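Novice: What follows is a single structure, and I will ask about it in a moment.
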Amino acid sequence: MTGFLTVSGEAERTEIIERSKFICNIKHIESEEQAREFIAEIKKKHSRANHHCHAFIADERASVCRFSDDGEPQGTAGMPILNALKANGIFMAVAVVTRYFGGIKLGTGGLARAYGGITAECLKSAKTVFMQPAAIYKITADYEQYVKFLNKKLAVDFEITGAEFFGKVKFTAAVKLAGGGKDDGFPKLVNEVTSGNCCIEKLTEKYYCFKV
C-alpha cells in the first residue's frame, strides 16, 4: 500500500469554445459504482446537453480505468479526459465533461484539446489531498481512560476520527501504516496507556487523508 493524490469533494469549470459550452465536473470516488452514479447524476442535471463524455480511475493503482466519447469521434473526448487525470497524478476520481453544441465543428484535434484542456484546468482549481494507508480502530473505554489516552503522546501517527459519549466513550482512530501495511503496534500502546482497561478492535485498512 502506497499513498496517492486525489481530489477532495467536487470541482466544476465552464468554458465556451467556438460557441460550444463545455462543463467539467470532477469528483473523488472510491469505486466504479460511485463513478457511474456521478455520471448518471450529471447526465440528469444536464439532460438537454449533446454529449456527456467521461473518464475515471476507480482505484489507487489505475488498474480500473474507463472512458467514453459519448457520441463524439472516437478518441477525441474520453481518452483526453483520462490522460488529463493521469498527467496530474490523480487517482480515485471521475471527470465528466458535458457539451452543449454551439454549431461550429472543432475537428478531431480541436475536440481533443477542448476535452483534455478543460479537465486539466478544472483540476487546477480542485482541492487535492494526499491519501495514505491507514488502519481504522474502534476503542471503547471509560472517560478517564479516554482523557488519559488523549494526553499521552503515542509513538505512532494517528488521528481521532470520531467519538460518542454515552456512558463509556466509543471512539475511532486512523493510524498511519508503514510501507507494506505491517502491524503498527497501536493496540499494544493503547492497552499500555489505559492499563488494559479498554476494548480495542481493528475495523479495516483503508486510505485516509491525515490532517498533519
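The values are calculated or read from the model by the stated rules, or taken from the named source; none is laboratory data. What you are looking at is a predicted structure, and each value in this text was computed from that prediction instead of being measured. Cβ sites come from the backbone with ideal geometry, for glycine too, and all protein chains shown count toward neighbours. We work out accessible area using only protein heavy atoms, side chains counted, and drop any ligands, DNA or RNA first. Shrake-Rupley method; radii C 1.70, N 1.55, O 1.52, S 1.80 Å.
Novice: Calculate, axis by axis, the spread of Cα positions in the chain along the three principal axes, and write the results as whole Å, longest axis first.
Specialist: 73, 34, 25
Novice: Here's another thing I want to ask about it. Report the extension gain between residue 211 and residue 130 in nm, rounded to one decimal, defined as 0.36 nm multiplied by the number of residues separating them, less their alpha carbon distance.
Specialist: Working: separation 81, 0.36 × 81 = 29.16 nm, distance 0.96 nm.
This chain segment gains 28.2 nm when fully extended.
Novice: Here's something else I'd like to know. Quick one: if you stick a label point 7 Å off each Cα along the C-beta vector at residue 15 and residue 30, how many nm between them?
Specialist: Each label point lies 7 Å from its Cα, and together they span 3.2 nm.
Novice: Between residue 104 and residue 143, what length comes free when the chain is fully extended (0.36 nm per residue of separation minus the Cα-Cα distance, one decimal in nm)?
Specialist: 7.3 nm
Novice: Tell me the per residue accessible area of segment 27-167 using a 1.4 Å probe; a whole number in Å² is fine.
Specialist: On the way: 7260 Å² over 141 residues.
Result: 52 Å² of accessible area for each residue.
Novice: Continuing with the same structure: Under 4.7 Å Cβ to Cβ, no partner at all: give me those cysteines from the chain, in residue order.
Specialist: If one checks each Cβ against the other cysteines of the chain, 53, 65, 198, 199, 209 turn up with nothing under 4.7 Å.
Novice: Starting from the 7 Å offset along Cα-to-Cβ, what nm value, one decimal, do you get for the label separation of residue 113 and residue 201?
Specialist: 5.8 nm
Novice: Pop out the carbon and sulfur fraction of the accessible area of segment 80-139 as a percent, whole number, probe 1.4 Å.
Specialist: Numbers: 1280 of 2290 Å².
Of all accessible area on segment 80-139, carbon and sulfur atoms account for 56 percent.
Novice: On to the next question. Considering only 210, 149, 125, whose Cα is most displaced toward the positive end of the charge dipole of the chain, charges sitting on Cβ of Lys, Arg (+1) and Asp, Glu (-1)?
Specialist: Result: 125, furthest along the dipole toward the positive end.
Novice: Continuing with the same structure: Within segment 12-76, what whole-number % of the accessible surface is contributed by carbon and sulfur, with the 1.4 Å probe and all protein chains included in the calculation?
Specialist: Values: 1510 of 3700 Å².
Here carbon and sulfur together make up 41 percent of the probe-accessible area.
Novice: In the calculated pair distance distribution of segment 1-104, what percentage of Cα-Cα distances lie above 25 Å?
Specialist: On the way: 847 of 5356 pairs.
I get 16 percent for the Cα pairs in segment 1-104 exceeding 25 Å.
Novice: Under a point spin-label approximation (7 Å from Cα along Cα-to-Cβ), what is the residue 64-residue 155 distance to one decimal in nm?
Specialist: Once both label points are built, they end up 3.8 nm from each other.
Novice: Could I ask something else about it? How many percent of Cα pairs in segment 91-212 exceed 25 Å? Intermediate results must be reported in sequence, preceding the final value.
Specialist: Details: 3415 of 7381 pairs.
That tail contains 46 percent of the Cα-Cα pairs.
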